[in-house]
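The values are calculated or read from the model by the stated rules, or taken from the named source; none is laboratory data. This one's a predicted model, so the numbers in the text were calculated from it and none came from an experiment. All Cβ positions, even for glycine, are placed from backbone atoms using ideal geometry, and neighbour counts span all protein chains on display. Side chains are part of the model used for accessible areas, which takes the heavy atoms of the whole protein and leaves out ligands, DNA and RNA. Shrake-Rupley method; radii C 1.70, N 1.55, O 1.52, S 1.80 Å.
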Amino acid sequence: MSKLAASASIKTVATPEPAMTPEMEKLLEATESTIVALNRRSTAQAHELGRCFFEAKAIVPEKRFGKWLKGFSDYTVRSAWNYASIYERLQDYRERLEAAAVSPTVMFELAKGEPHLVGAVIDRIEAGERLTAKAVKVALGIAPKPKAKSVEFLDLGGLAGLRKASDVKMATDTAEFQRLTKSVLAEVEDAVKPLAEGKRVVKNSLAAMIELDCRHACELLNAIIAPLTPYAFDERRTWRPVELDKSTGWGQAQKLLHRLGMEPDWPGSTEFGPWVRDEVLPMLRFVVHGEPLTAPGAAKEEVPPLMDIAEENVIPLPIGLGPVADVGGDLHA
């Protein structure tokens, strides 16, 4: 204790700072000017990069954009979108942003804000405030991203724990289903454009873009809304998803997503274009946007009840499609 007391009583002697000479002050001023000029150049380059990425977005399909970037740069798709947003949303403020030498990371956040709020934040920057990207998000009222979900609910037992786990799974599956079907809808809308010019829809190209996504979307749809049921002819087998009523919108969606996940089951080249336009496109718009189905499509055909379908008539599907392979013969029509 006496040693500690003695050491605590020792006072540190401050070393006097060297005086600034006029030459040193001039050097610092020149350095500051150079840094500001470089920052302004960085701001201008961010706008130019944004213009390039914005123009590329109009040419390269979204699903191929990442591959295009990797072919010549280290930019990620997210970074490219951020730069493009600077060009799209901050052009009216470009001169002010360059004069203030605002960094690209701050501009990424500015581009997310409402116009009247963006102007107010730039006013603060011009007044001398050194705002970070985080401070800009707060000023724009942008809510922080939710933290990663905890898995503690998986340790909750009983009905309450089961319901909690079910709610989390439902939210996750629904979000992924929406992402997949939105992507498929975008590809289908692009694919049918040649029909307006009397050209055919390219079947192989569309299959390469949507087949796997449709297969996964069908699996998710079954997991979300299709109850499980035992086989009528062998209850000891693994249960399968119930085939939904095909007179309903979601029944048609289940059937058509299943078929879209199996390119060999698609119509031939002559019937393919009209099928995509008249059946697939309305169904996807029902799924993604909630638009009503105006044409029942494949729901018109008569299908024998599930109890009457013999096991030898069930066509096995490739590995990866899941238990929906046994939903019924009509899904393989």
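Tallying residues that are β-branched (Val, Ile, Thr) and modelled with pLDDT under 85 within the stretch 7-34 yields 4. Scanning the stretch 92-117 for residues that are free of Cβ contacts under 8 Å to residues at least 40 places away in the same chain and either in a helix (DSSP H, G or I) or more than 17 Å from Ala135 (Cα to Cα) (or both) turns up Asp92, Tyr93, Glu95, Arg96, Thr105, Val106, Phe108, Glu109, Leu110, Pro115, His116, Leu117. Is there any pair with a first residue in the stretch 217-246 that is among the acidic types (Asp, Glu) and a second that is not in a helix (DSSP H, G or I) whose Cβ atoms are under 6 Å apart and which are 6 or more apart or on different chains, and what are they? Here the result reads Glu219/Gly322; Glu243/Val327; Glu243/Gly328, each pair linking the stretch 217-246 to a residue that is not in a helix (DSSP H, G or I).
Looking only at the stretch 62-79, decide whether some residue is touching a residue at least 40 places away in the same chain (Cβ under 8 Å) and either more than 19 Å from His47 (Cβ to Cβ) or among the polar types (S, T, N, Q) (or both). Looking through the stretch 62-79, at least one residue is touching a residue at least 40 places away in the same chain (Cβ under 8 Å) and either more than 19 Å from His47 (Cβ to Cβ) or among the polar types (S, T, N, Q) (or both).
Matching residues to (1) at pLDDT below 90; (2) touching a Lys or Arg at 6+ places or on another chain (Cβ under 7 Å); (3) open to solvent by 80 Å² or more (accessible area, probe 1.4 Å):
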{"position": "Phe72", "(1), (2), (3)": "yes, no, yes"}
{"position": "Val77", "(1), (2), (3)": "yes, no, no"}
{"position": "Asn82", "(1), (2), (3)": "no, no, no"}
{"position": "Ile86", "(1), (2), (3)": "no, no, no"}
{"position": "Leu90", "(1), (2), (3)": "no, no, no"}
{"position": "Arg96", "(1), (2), (3)": "no, no, no"}
{"position": "Val106", "(1), (2), (3)": "no, no, no"}
{"position": "Glu114", "(1), (2), (3)": "yes, no, yes"}
{"position": "Val121", "(1), (2), (3)": "no, no, no"}
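Between Ala58, Ala37, Ala44, the distinction of being at pLDDT 85 or above and open to solvent by less than 80 Å² (accessible area, probe 1.4 Å) belongs to Ala44 only. State which residue is least open to solvent (accessible area, probe 1.4 Å) when the search covers only the stretch 123-135 and only residues that are hydrophobic (A, V, I, L, M, F, W, C) and free of Cβ contacts under 8 Å to residues at least 24 places away in the same chain. For the stretch 123-135, the residue satisfying everything is Ala135.
Restricting attention to the stretch 202-257, report how many residues are of a type outside the set (D, E, K, R) and touching a Gly at 6+ places or on another chain (Cβ under 7 Å). Selection size over the stretch 202-257: 4.
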